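The structure appears right after this line, and notes come after that.
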Amino acid sequence: MWAALEGWATIAPGFTPLVALIAVGVAWRQLILNRINQRETTAKVTFREYLKLAFENADLACGDMSKLSGKRLEEYAWFVGYFLWAVEEVLDFAKKDPIWLENVRLQMLAHREFFRSDPDFRRELPTFGRDVQELVTRVMNTA
């Protein structure tokens, strides 16, 4: 029985680099899939937190600045900033997903007047990613 295995003993060292290469490939693929999954999880959690904040602050979520004044108007600017941060996270993992893009666009429409009228926001817009800037610009330019 052992005599049959002696032939493998001379062949096995030649397979070792191949097996190691396959193992590296599998590990690399798993790492990439884990990173994609982590991005998706982060985006969904961040957007869920935004939706929770919107639910708790319906006056801010509706985007009607005429009903806000003083401290609440300042809070609105922070609210929109958090929203755009959540959008950036979503676009990081789903920038080509039409359903996510439409959901984001619909949420942005509520804040169109703020995007158009707040000079501080217009100055800070370039601090967001290119995809967020493009979406905001598109929303600002809609009737």
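The values are calculated or read from the model by the stated rules, or taken from the named source; none is laboratory data. Note that the coordinates shown come from a computational prediction; the quantities given were computed from them, not determined experimentally. Ideal geometry is used to build each Cβ from the backbone, glycine not excepted, and the neighbour counts take in all protein chains shown.
Tabulated data for the structure shown
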{"item": "Pairs with Cβ under 8 Å, 6+ apart, first in segment 110-134 and under 14 Å from VAL80 (Cβ atoms), second among the aromatic types (Phe, Trp, Tyr) and surrounded by fewer than 11 Cβ atoms within 10 Å (Cβ to Cβ)", "result": "none"}
{"item": "From PHE93, PHE115, PHE47, PHE55, residue being under 16 Å from VAL139 (Cβ atoms) and either at pLDDT below 90 or part of a helix (DSSP H, G or I) (or both)", "result": "PHE115"}
{"item": "Residue pairs meeting the criteria (Cβ under 8 Å; at least 6 apart or on separate chains; first over 30 Å from VAL87 (Cα atoms) and at pLDDT 85 or above, in segment 18-42; second aromatic (Phe, Trp, Tyr) and surrounded by 11 or more Cβ atoms within 10 Å (Cβ to Cβ))", "result": "none"}
